1. Determine the shape class of the range 280-328: with a ≥ b ≥ c the square roots of the Cα gyration tensor eigenvalues, call it rounded for a/c under 1.5, and otherwise prolate if a/b is greater than b/c, oblate otherwise.
2. If I take every Cα pair under 8 Å that is 6 or more residues apart in the range 157-369, average their sequence separation and divide by the length, what percent do I get for the relative contact order?
3. What full-extension length gain, to one decimal in nm, is calculated for residue 136 and residue 266 as 0.36 nm per residue of separation minus the Cα-Cα distance?
4. Give me the percent relative contact order of the range 77-200, please, defined on Cα pairs under 8 angstrom at least 6 residues apart.
5. Could you give the length gained on full extension between residue 115 and residue 156, defined as 0.36 nm per residue of separation minus the Cα-Cα distance, in nm?
6. Expressed as a whole number of Å, what is the distance separating the alpha-carbon centroids of the range 307-377 and the range 91-133?
7. Taking 0.36 nm per residue of sequence separation and subtracting the Cα-Cα distance, how much length would be gained by fully extending the chain between residue 334 and residue 248, in nm to one decimal?
8. Rank by packing, highest mean first: peptides 129-136, 317-324, with packing defined as the count of other Cβ atoms within 10 Å averaged across residues.
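Each value in this text was obtained by applying a stated rule to the coordinates, not by laboratory testing. A quick note: this is a predicted structure, and the numbers were derived from the prediction, not measured. Note that we place each Cβ from the backbone using ideal geometry, even for glycine, and neighbour counts take in every protein chain shown.
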C-alpha cells in the first residue's frame, strides 16, 4: 500500500499556484492616486478579449489590480513606459473579474491603448493591464508604469504640476441647471521664475502640440483664428515685444507688462498695445473689478455666441494676484456648457476672480498639462546634460525659467605622472581612458588628484572628454529587480558594489 500511495503521489499533476497580480489574486490598490511599476513578462494569461473592443486580441499575459472607491466618481487609469521595441500594453476597467466560456471579459466597461476612464459607483472595481497580441499571433509583453486617479463628483481634484502651478478638475452634477465638467489651472506669478506667456502656433497646430513643442508645464487655447486661411490669428497676438497679429474688431485682450504684471484692456482693431510685452486677444470681457460687464453682441460677436451654451475658455485674475486659466466642457454628455453670463458668474462666485476675459471656445476649448513623471524625467535628462531647467508656455500657459547654470572651465595638461593612467595603461585604472592633455574638464575628478573639481556639472561634455568618474564594478548577484508590492523577483545585492 505504501508503494502504491507513493506511485500515485508522483503521478499527480502539479497545480500552478497563483501569484499576486494574477486574475484570481489581484493586487490591492491601497489609496488613490496610485502608481506602480511592473511588467507583464512571465505573467499568467486568462482573458483573451474585452467587451468594449472584442476584435482586439488581449491573449497575452496580464496583471490585475483591485481598487475600492470610497465614493462615486470618474476613475482614470493610464500606462506609461511601454515604449520599448515590440512592447504593447493596454489598460482596462472592469466591474468584476469574470470570464465567459470563450475566455472573454464581459464586465469590462472601458478599454484603452494608453489611457482609460469611466464613471463608476462607490465600491469595488478592477484595473487590468493586459498584453496586446498582433494579428500574426505575436504577444508584446514588457514593462509598464500604471497610474490610477479618481475624480470625485462635486469636489475639486487637485494635482500640483510645478511650484506655483496647480491643475484642478471638477465634475458638477448640477451647475446652472446641468451637468458640467471644469478644468482649472491656478498660476501664482509671484513665485520666482513663474510666468504666463502666449506662444504662436504654426498653422492649424493643436494646443497640446504647441505646449509639447514649447516644453510647457501646461497650456490652454487662447486667441481666435480663421480656419479658412491656415488658422491665421484674427486676435491680438504679441510675444516678447513683437506684434504678430492684431484684432480684427475692437475687442478686449489680456497682457503682461515688462514687470510681469497681468493687465486687461480693450484694444482697437488693427492697433498695438504698447503698454505690454506679451498679449493675446479674446472675445468679451467678463468681469471688471468684480462686476459682470458682458452683454449680448458685445465686441462684434453674434447674440447667440453670448446667449447659447458652448464650451468656454477664460483667463481670470484673483485679488490675491493668482492667475486662473479655466475651461468648461460643452455639448457633450459630461458637460452642457455655459452662456457668457453664466461663465462670468461662475468665474466670480466659484473661482473668486475679480477680472476675467473670455477666450476662444467652442471646439477649440482645450487644456493640457504635462504629467509630473514626464516632467521629472525630462528635468533629470537636462540635469545630466548640464543644461538649465526650462519650461516654456503653450498657446497661453505657465512658464518656469531658471538662469543658465554658470560653468567654469579650465584647459590645462594634466601632470605627466598621471599620463599612464589617462591612457589606460596603469594598473590602478583600467578600461576607458580618463582624458588627454588639453581636454576641458568640467566638474569631475581632477586628473591632478582625488577630490578636485572643475566648474559646473556638464556630464555630456565630461563623457566626450573622457574625464568622468571612475567606472563602478559590477555588483555580484544582482538578479532580477524585486517588486515590493508583488514580492516577485530578488532584491538587488550590494555585495561587491562600491
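1. Cα axes put the range 280-328 in the prolate bin.
2. This gives 23 percent for the range 157-369.
3. Contour length minus Cα-Cα distance gives 40.6 nm.
4. Rounded, it is 21 percent for the range 77-200.
5. 12.7 nm
6. First find each Cα centre; the distance between them is then 32 Å.
7. Taking 0.36 nm per residue and subtracting the Cα distance, the gain is 27.6 nm.
8. Peptide ranking by packing, descending: 129-136, 317-324.
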